[in-house]
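K.L.:
One structure, as structure tokens, below. Some questions next.
The values are calculated or read from the model by the stated rules, or taken from the named source; none is laboratory data. Just so it is clear, the structure is predicted and the values come from calculations on it, not from any experiment. Every residue, glycine among them, receives a Cβ derived from its backbone with ideal geometry; neighbour counts consider all protein chains shown.
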Amino acid sequence: MEIFVFPELMYSVVLANIMSPIIWKWREAECFKRLEGKSPYKKLMRLKQFIMDEYEFNLDLNTWGLTHQEQELKRFEHVVSPERIAESNALFGYTGDKYYFDVDIRRHFGLDKYDNDIIPYWKTETVEAMAAFRFKDGYDVGAGECVSLATLYAAAAFIVCGIPLEDIYMVLTPLHSQNFFDVQDGVLSNNRRIVTKTMWFNGTAISEKAQRALRNEQVTVVTHNTGFVHCLGDATIDKNAYDKFSGKLNEYLSTNVDSLIVANFLRFHSKYQKHFQFCNHHRGEARFVKAETMFHYEHGSNYRISDETFGKLFGDVSADDFSVSKHVDRLCVEQMMAYVRYEDIDIRKEADKKKLQGYLKAFVPETEDFLNELHGFVHLQARLPELKAGSKTGEAISISTEMSRGEIIEYIKSVRDKNTTADLALYAYRDMSVCDWEPFLKAAMERSPVSIEMAQDKSIGDVYKHLQSMTDNSIYDGKRLAQPDEVANFNTGDGVEKAFFLANVIKSRQPGGEIEIEVEGEKVTLTAEGRGFEFSSGKGFEKKIVI
């Protein structure tokens, strides 16, 4: 919800991941070392498998705790009305087009077992928290939800694949977050997977799932290194960059009708297979196979209908399943395509669609439905936010793939005074040596329900013993700190982080009491209600905090 209200936050998480040492270490992995000198596109294909191996998609409702719609809406009523949030935010009333009414949005998320007001936090994780899931029971690898995976992909594409930030666009809808990479014909990230243009039109169930967001939802935010554009009207993105993105995305979402595309369409819309047949020539003799029979042979095969392996697939067809004569009640796909080429048919033009309809009606009784669905299959117009005239362009984040991690961190620090996203990036990065501690404390004391729930059956003394039994390793390096719920979920933390965990539990039980945390190098002392608790720290802070 915060990202919807304040779109600058989305790109700040990308920059936090770019500053992280974790992704920079990936470049040393043998699978990427072997690709040195190869194209960014080839590296992106390998990155997909790396992320598939190292991360799970996680939409667990309890990972970061539950809250109430009313409580969350109240936090932002001074910024944006509940009605505007409900228009475009999935957890606050948005249901999208008919698809989302059909699936029942709360059941879709697994919220149907709770009261209607209950919603999950679903906090966006940086790469440190994503990687730390391997410490959590039930996980063997890292994990993250869609926003976390989108920010991870964007950062990794920049660091590992060498794709400039100028060619990376983040696309947010009420229910999903994706990236569009302007490489080759375009590549769309989708949770752990990526979708090339060829894959988008292949008619498989996996591709259909990848299409749901752009087919059924209004895009709420597009963000880029030059800024963002928001469906509520705010925008800082460079106009030329946004125009380029809009054009590239529309090209990616459209294709011409050819034999392969018709086969892919029939694979997805199997109800029309009964009207078609495929033809192949073998030793000068034509052979014809009913479409549904051909797709039966394709299922489980490495060969595909109408691509370069079509001849090999046809070679697998039993003599009992093909005929040397046409099935008179079926249209041959190759015959249809000959007509399309001869008449130079563009299905996106109404006149051409009518012409093709006349040709097809002898074989396809539901011709109008067939052509409308074929048109929708080959052409999608994404519903992007409008960039209004006079929008104020922001200060671009200008880092290059040639810069080192250290140079990037210094650059982000140097522009934070004039670039909100850069400033927020340091907070998302959790660098407490250069950030005001108050926002961190507010989150620790007000937005960390998991640590409170974990301690609910324990006395304060037992909570302290539990914290002492944990390892002392922070999931963040240097002077960066985990929140109490990260300590709770991953069962590890530096002494400063453990002190905040304990402070959160004490504060939940004694809201009016004062808590003091003093950090003196390796020694951390928490004092509350006349009791003292000590922890050890390797963070090197000299800090006194009164809550």
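K.L.:
With a cut-off of at least 2 residues that are of a type in the set (Lys, Arg), name the strands (runs of 3 or more DSSP E) lying wholly within the range 449-547.
P.N.:
Numbers: elements: 515-520, 523-528, 531-536, 542-546.
Passing ranges, in order: 542-546.
K.L.:
Another question, if that's okay. Which condition from (1) more than 20 Å from the chain's Cα centre (by Cα); (2) modelled with pLDDT of 95 or more is the one that residue 234 breaks?
P.N.:
(2) is the only condition that residue 234 fails.
K.L.:
Name the pairs: first residue in the range 282-295 and of a type in the set (S, T, N, Q), second residue loosely packed, with under 12 Cβ neighbours inside 10 Å and assigned to a helix (DSSP H, G or I), Cβ to Cβ under 8 Å, at least 6 apart or on different chains?
P.N.:
none
K.L.:
Also: Would you check which residues across the range 350-394 are touching an Asp or Glu at 6+ places or on another chain (Cβ under 9 Å), more than 26 Å from residue 219 (Cβ to Cβ) and among the hydroxyl-bearing types (Ser, Thr, Tyr) and list them?
P.N.:
Once the filter is applied, which keeps residues that are touching an Asp or Glu at 6+ places or on another chain (Cβ under 9 Å), more than 26 Å from residue 219 (Cβ to Cβ) and among the hydroxyl-bearing types (Ser, Thr, Tyr), the range 350-394 yields only 359.
K.L.:
Just one of 229, 219, 195 is more than 25 Å from residue 397 (Cβ to Cβ), in contact with a strand residue (DSSP E or B) (Cβ under 9 Å, 6 or more places away or on another chain) and not assigned by TED's automatic domain parsing to the domain that holds residue 309; which is it? It would help to see each step written out before you state the result.
P.N.:
Numbers: 229 fails: more than 25 Å from residue 397 (Cβ to Cβ); 219 fails: more than 25 Å from residue 397 (Cβ to Cβ).
Going through 229, 219, 195 in turn, just one is more than 25 Å from residue 397 (Cβ to Cβ), in contact with a strand residue (DSSP E or B) (Cβ under 9 Å, 6 or more places away or on another chain) and not assigned by TED's automatic domain parsing to the domain that holds residue 309: 195.
For every residue, the table says whether it meets (1) assigned by TED's automatic domain parsing to the domain that holds residue 146; (2) more than 20 Å from the chain's Cα centre (by Cα); (3) assigned to a strand (DSSP E or B).
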| position | (1), (2), (3) |
| --- | --- |
| 44 | yes, no, no |
| 48 | yes, no, no |
| 52 | yes, no, no |
| 64 | no, no, no |
| 67 | no, yes, yes |
| 72 | no, yes, no |
| 78 | no, yes, no |
| 84 | no, yes, no |
| 91 | no, no, no |
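K.L.:
Need pairs with beta-carbon distance below 6 Å; first residue without any contact (Cβ under 8 Å) to a residue 60 or more places away in the chain and within the range 261-274, second surrounded by 20 or more Cβ atoms within 10 Å (Cβ to Cβ); sequence gap 6+ or separate chains.
P.N.:
Close Cβ pairs (under 6 Å, with a partner that is surrounded by 20 or more Cβ atoms within 10 Å (Cβ to Cβ)) amount to 273/266; 273/291.
K.L.:
How about the range 391-449: which of its residues are at positive phi and polar (S, T, N, Q)? Show your work before the answer.
P.N.:
From the range 391-449, those at positive phi are 430; that's our starting set.
Matches in the range 391-449: none.
K.L.:
Taking interchain pairs and intrachain pairs at least six residues apart, which have beta carbon atoms under 6 angstrom, with the first residue in the range 102-122 and surrounded by 11 or more Cβ atoms within 10 Å (Cβ to Cβ) and part of a loop (DSSP other than H, G, I, E, B) and the second aromatic (Phe, Trp, Tyr) and at pLDDT below 85?
P.N.:
none
K.L.:
I'm checking my understanding of the structure. Among residues of the range 406-446 that are under 18 Å from residue 498 (Cα atoms) and surrounded by 19 or more Cβ atoms within 10 Å (Cβ to Cβ), which one is farthest from the chain's Cα centre (by Cα)?
P.N.:
Across the range 406-446, the extreme among qualifying residues is 432.
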